[in-house]
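Some notes on the structure that comes next.
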Amino acid sequence: MYTNILTAQNNGITRITINRPSKLNALNKDTIQELHAAFRVAELDTDTKVIIITGSGEKAFVAGADISEFAHFSVGEGGKLAAKGQELLFDFVANLTTPVIAAVNGFALGGGLELAMAAHFRIASDTAKMGLPEVSLGVIPGYGGTQRLPQLVGKGRAMEMIMTAGMIDAQQALQYGLVNHITTPEELLALAEKLGSKIMRNSSVAIGAAIKAINAGYEDGVNGYNVEIEQFGNCFGTEDFKEGTSAFLEKRKADFPGK
Ligand code: COA
């Protein structure tokens, strides 16, 4: 069904793997379209409670947007490339109500790091390298990197990373708070799944509401506290809330219907 990605669904987790290892999983137009489709399918699938995004091979998560596709672009085409990419993939992923974990298995550069940053949180193998090298190509990050990197690591660190076009290793990414955990390459997916299983014990409806409230705090002109109040109130009308509170009072484990 897909040419550049692989998808697999198992035990409530959909894994999406970018699969162009000969190009270090660089994001060309087709791959972005396929990722959009796969994330959309996973979001609509009631059996998917968590999505893991990773790259195939040991070398790269994603080594960036496909430079060969945009090297000849005009000003107008450049703007459209960024706008379309943000709409189809980066904003799309950030605003999903199904939790997305990025398992960074190697180079996450440019659009690759931007994709990892669009995920709800990140873990990395100890071999991973991350950076936004766009200014070394005469361009800037265009898939949300100038916004999400400062949010995650702070303005000064983001300024340095973007201006130097340098890479940081997994240890430094951990210290910066860019990734939440690091592990060996062999253990990376198992750790992502373990975190996924922990998430899945909870109410998926409440998790979706929490994602909306958290994201609202980063949106221009939106009051995150007001969105929190609204989402909090909405939870009281869900079956998950009835089950979660009843289970607590009855001293049993909740079995959330996800509604
Ligand atoms: N776009 C298109 N092709 C890419 C790519 C990208 N962002 N990143 C890697 N590739 C391709 C290479 O062109 C090469 O293809 P080829 O074998 O047909 O020549 C293949 O992937 C392997 O990459 P290579 O550069 O030979 O691997 P390396 O181990 O020597 O270097 C990197 C690895 C990640 C340091 C290097 O590939 C790189 O700098 N990539 C670009 C990173 C970047 O600037 N990304 C931001 C884009 S906005």
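Table for the structure above
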{"quantity": "Segment 129-150 residues that are farther than 15 Å from Ala82 by Cα, paired with ones that are within 10 Å of the ligand (Cβ to nearest atom) and open to solvent by 40 Å² or more (accessible area, probe 1.4 Å) (beta carbon under 7 Å, 6 or more apart)", "calculated": "Lys129/Phe107; Lys129/Met167; Met130/Met167; Gly131/Met167; Leu137/Ile67"}
{"quantity": "Number of positions in segment 11-42 that are more than 20 Å from Ala108 (Cα to Cα), out of contact with any helix residue (DSSP H, G or I) (no Cβ under 9 Å at 6 or more places or on another chain) and open to solvent by 30 Å² or more (accessible area, probe 1.4 Å)", "calculated": "2"}
{"quantity": "Single unsatisfied condition, Gln172 versus (1) free of Cβ contacts under 8 Å to residues at least 24 places away in the same chain; (2) in contact with a strand residue (DSSP E or B) (Cβ under 7 Å, 6 or more places away or on another chain)", "calculated": "(2)"}
{"quantity": "Qualifying residue in segment 111-118 (condition: farther than 20 Å from Ile214 by Cα and either more than 15 Å from the ligand (Cβ to nearest atom) or among the aromatic types (Phe, Trp, Tyr) (or both))", "calculated": "no"}
{"quantity": "Pick from segment 57-97, criterion assigned to a loop (DSSP other than H, G, I, E, B), closer than 26 Å to Pro21 by Cβ and more than 10 Å from the ligand (Cβ to nearest atom), ranking: nearest to the chain's Cα centre (by Cα)", "calculated": "Leu96"}
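The values are calculated or read from the model by the stated rules, or taken from the named source; none is laboratory data. Quantities reported herein were computed from a predicted structural model and do not represent experimental measurements. Cβ atoms come from the backbone with ideal geometry, glycine included; neighbour counts cover every protein chain shown. Accessible surface is based on the protein model in full, side chains and every heavy atom, while ligands, DNA and RNA are left aside. Shrake-Rupley method; radii C 1.70, N 1.55, O 1.52, S 1.80 Å.
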